[in-house]
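Scroll down for the structure; my scribbles are underneath it.
Nothing in this text is a laboratory measurement; each read-out follows from the coordinates by a stated rule. Treat the numbers as computed from the prediction; the structure is a model and nothing was measured. Note that each Cβ is placed from the backbone with ideal geometry, even for glycine, and that neighbours are counted across all protein chains shown.
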Amino acid sequence: MLGYSSYSEMVLEPRMAKSPMMVQNFEDDLTRRIAGMGAKEMDRLLKVKRKVTKDPKAKWNPWDFAYYANIYKKEVYDIDEDKLKEYFPAEHVKE
């Protein structure tokens, strides 16, 4: 009745992405650009796991991510998540 082919088309018209096709093209381009970086990051984390476990054949599991990412941050960037939390108490973050 309003002349749109889909709800997405209607919602996107006043926004920066004027059509669903523009959104899809943006997502495809973004995926293409970051896919390589994500693979490199996962390789780095797998190396950390193999170093920590002393198992050169260790394989990656989805539940390993947070644990080994935290170790990686501590080693490479000298960032300790627990220390960082002290600066952002939950009661202040909620406000």
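Here's the yes/no breakdown for (1) of a type in the set (Phe, Trp, Tyr); (2) in a helix (DSSP H, G or I); (3) touching a helix residue (DSSP H, G or I) at 6+ places or on another chain (Cβ under 7 Å):
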residue	(1), (2), (3)
Lys57	no, no, no
Trp60	yes, no, yes
Tyr68	yes, yes, yes
Tyr72	yes, yes, yes
Val76	no, yes, no
* Select from the range 56-79 the residues that are more than 19 Å from the chain's Cα centre (by Cα) and either loosely packed, with under 13 Cβ neighbours inside 10 Å or farther than 19 Å from Met42 by Cα (or both) and list them in ascending order. => Pro56, Lys57, Lys59, Glu75, Asp78
* Leading residue by the ranking (surrounded by the most Cβ atoms within 10 Å (Cβ to Cβ)) among those in the range 1-32 that are assigned to a loop (DSSP other than H, G, I, E, B) and of a type in the set (A, V, I, L, M, F, W, C) -> Ala17
